[in-house]
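Structure, as structure tokens:
A short reminder: the numbers here are calculations on the coordinates, not readings from a lab. Bear in mind the structure is a predicted one, so any value in this text is a computation, not a measurement. Please note: Cβ atoms are built from the backbone with ideal geometry, for glycine as well, and neighbour counts cover all protein chains shown.
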Amino acid sequence: MEKKIKVLGEIAEFDSSGYSEYVKKDNLLPFIYPAVGEKGRICNLFKILLSNYCISNCLYCINRKSRDCKRYKITPSYLAEAFYYLWKKNYVEGLFLSSAIDKDVNETQEKIIETAELLRKKYKYHGYIHLKILPGADPYLIKKARFFASRISLNMEAPSSNYLKNITLDKDFSKTLLKTLKYISSIHKERPFSSGITTQFVVGAGGEKDKDILNFSYYLYKNHNLTRIYYSGFKPILNTPLENLVPCKKERELRLYQADILIRKYGFSPSDFVFNSNGNLSLEKDPKLTWAEKNFSFFPIEINKANFEELIKVPGIGYNSAKKILEIRRENTIKDISQLKGLKIRYNICWKFLLFNGKIINPQFSSQLLENQLLLWEEL
């Protein structure tokens, strides 16, 4: 049984739950996943599949029906017991449970929910549980899941039907995926999940453009109240039809997450982003910096007069840092960039976009934070 948990935990990494490229997994078991939470806090999740038996043949997937690999499944009762043991020992803080579709979608969905129900009722566990909703699951089961899950999610996989058909012929974009996600959204509106609802795109497998991904993400955020959208860079899997496809660059995944933050927290829309001739974001510069360079007439702004919405447009000044700048201004006039030295700011970038009492001041010190660290705190 330990081997089953190990294998199903390793496979579960393909279900993205955050940009964790720079989070170390040293000494962690394969089924323990370091998810990045609010303000960069790391939350170790027990992340696992109930089964890797699958009736679908998605072209990129490690679990596709036609792939020659060993298959495993575990029971809800054993998984609940295993999680509770790990939680009591403080190895994990929450559960992320998904599954391939084993024989029947509703039967598999029932087992996912049963695991959570056992934890809530038998083990009296009241912590974080993220349950995956499988494509085509009965609405009754989605309603049932809300009684036991902190968060639920459904993988859209692609931003349109044209892109989806390049990676799977077994799923219908409108009639199955989007319809189910809309229903999840309606359930969330009636009785909100404490940690919200999410979805995921596979990036780099279907020829999709960043512009199309972000346009659809924007639509989902505005119309269906999603909490987060995850962007899972494609990794080729041996013995799949896409095994020779080039993997998605980590820089592309990073830029999509940064653009996503700008949409969720900074008031940006897809029309604000700068895309290249292929419809993709720059890999060399973050999307707020490319926007600022294109709209340089907006700058420089006076740091002692700019409002919050103006400050967060400055490259290198994030959401939290802008709030702290306003706090500093209530007590003192900001005369020099050194007065901001304790803040999480990319000083080597922001200085050219700011005025200090009418003057541009080039700092004599460099930024102390790496771009990937800033991402974890959602500071851009």
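So what are the ³J(HN,Hα) numbers for region 133-138, from phi and the Karplus equation (6.51, -1.76, 1.60; θ = phi - 60°), rounded to whole Hz, Gly and Pro as x?
With coefficients 6.51, -1.76 and 1.60, one gets 8, 8, x, x, 4, 4 Hz.
Would you mind pulling out the separation of the Cα centroids of region 174-227 and region 41-77, in Å?
22
Rounded to whole Hz and in sequence order, give me ³J(HN,Hα) for region 55-72 from the Karplus expression 6.51 cos²θ - 1.76 cosθ + 1.60, θ = phi - 60°, writing x for Gly and Pro.
So the Karplus estimates, Gly and Pro as x, are 8, 9, 10, 4, 5, 9, 7, 5, 9, 3, 4, 7, 6, 7, 7, 6, 10, 9 Hz.
In the chain, with Lys and Arg counted as +1 and Asp and Glu as -1 at Cβ, which of these residues, Ala145, Gln258, Tyr231, has the Cα nearest the positive end of the dipole, that is, farthest along it?
Farthest towards the positive end: Ala145.
Looking at the chain, I'd like the Rg to Rh ratio, where Rg is from alpha-carbon atoms and Rh is Kirkwood's inverse mean 1/r.
1.00
For Leu355, enumerate residues with amide H under 5 Å from its amide H, sequence gap 5+ or separate chain, H modeled in the peptide plane.
Result for Leu355 returns Ile301, Glu302, Ile303.
If R₀ is 41 angstrom, what is the calculated FRET efficiency for the pair Ile55 and Ile328, using the beta carbon separation as r and rounding to 0.05?
0.10
Label Asn276 and Ile42 with points 7 Å out from Cα along Cα→Cβ: what is the distance between them in nm?
It works out to 3.2 nm between the two label points.
Could you tell me which of Ile48, Tyr123, Tyr163 has its Cα farthest along the dipole of the chain towards the positive end, charges placed at Cβ (Lys, Arg +1; Asp, Glu -1), taken about the Cα centre?
Tyr123
Using 7 Å Cα-to-Cβ label points, what is the Asn225/Lys122 separation (nm, one decimal)?
Result: 3.3 nm between the two label points.
Among Lys305, Lys171, which comes first, then next, by fewest other beta-carbon atoms within 10 Å?
Lys305, Lys171
Might you report the magnitude of the Cβ-based charge dipole of the chain about its Cα centre, with Lys and Arg at +1 and Asp and Glu at -1, to the nearest 20 debye?
680
Can you put Thr199, Thr115, Thr227, Thr333 in order, fewest other beta carbons within 10 Å first?
Going from least to most buried by this count: Thr333, Thr227, Thr199, Thr115.
Fewest Cβ neighbours within 10 Å first, please rank Cys43, Cys61 accordingly.
With the fewest neighbours first, Cys43, Cys61 line up as Cys43, Cys61.
Given H placed 1.01 Å from N in the peptide plane, which residues other than close sequence neighbours of Tyr125 have an amide H under 5 Å from its amide H?
When sequence neighbours closer than 5 places are left aside, the close amide H contacts are Arg120.
Over the chain, what is the relative contact order in whole percent, taking alpha-carbon pairs under 8 Å and six or more residues apart?
Value for the chain: 12 percent.
Can you give me the distance in nm between label points at Phe147 and Asn215, each placed 7 Å from the Cα along the Cα-to-Cβ direction?
4.2
Return, in residue-number order, each cysteine of the chain whose C-beta is not under 4.7 Å from any other cysteine's C-beta.
Cys43, Cys54, Cys69, Cys248, Cys350
Would you please state which residues of region 71-86 a label at Asn239 would reach in this model, taking the label point 7 Å out along Cα→Cβ and a backbone N cut-off of under 20 Å?
Of the residues in region 71-86, 71-74 have backbone N under 20 Å from the label point off Asn239.
Given Cβ point charges of +1 (Lys, Arg) and -1 (Asp, Glu) and nothing else, what value in debye, to the nearest 20, does the dipole of region 287-376 about its Cα centre take?
My answer is approximately 60 debye.
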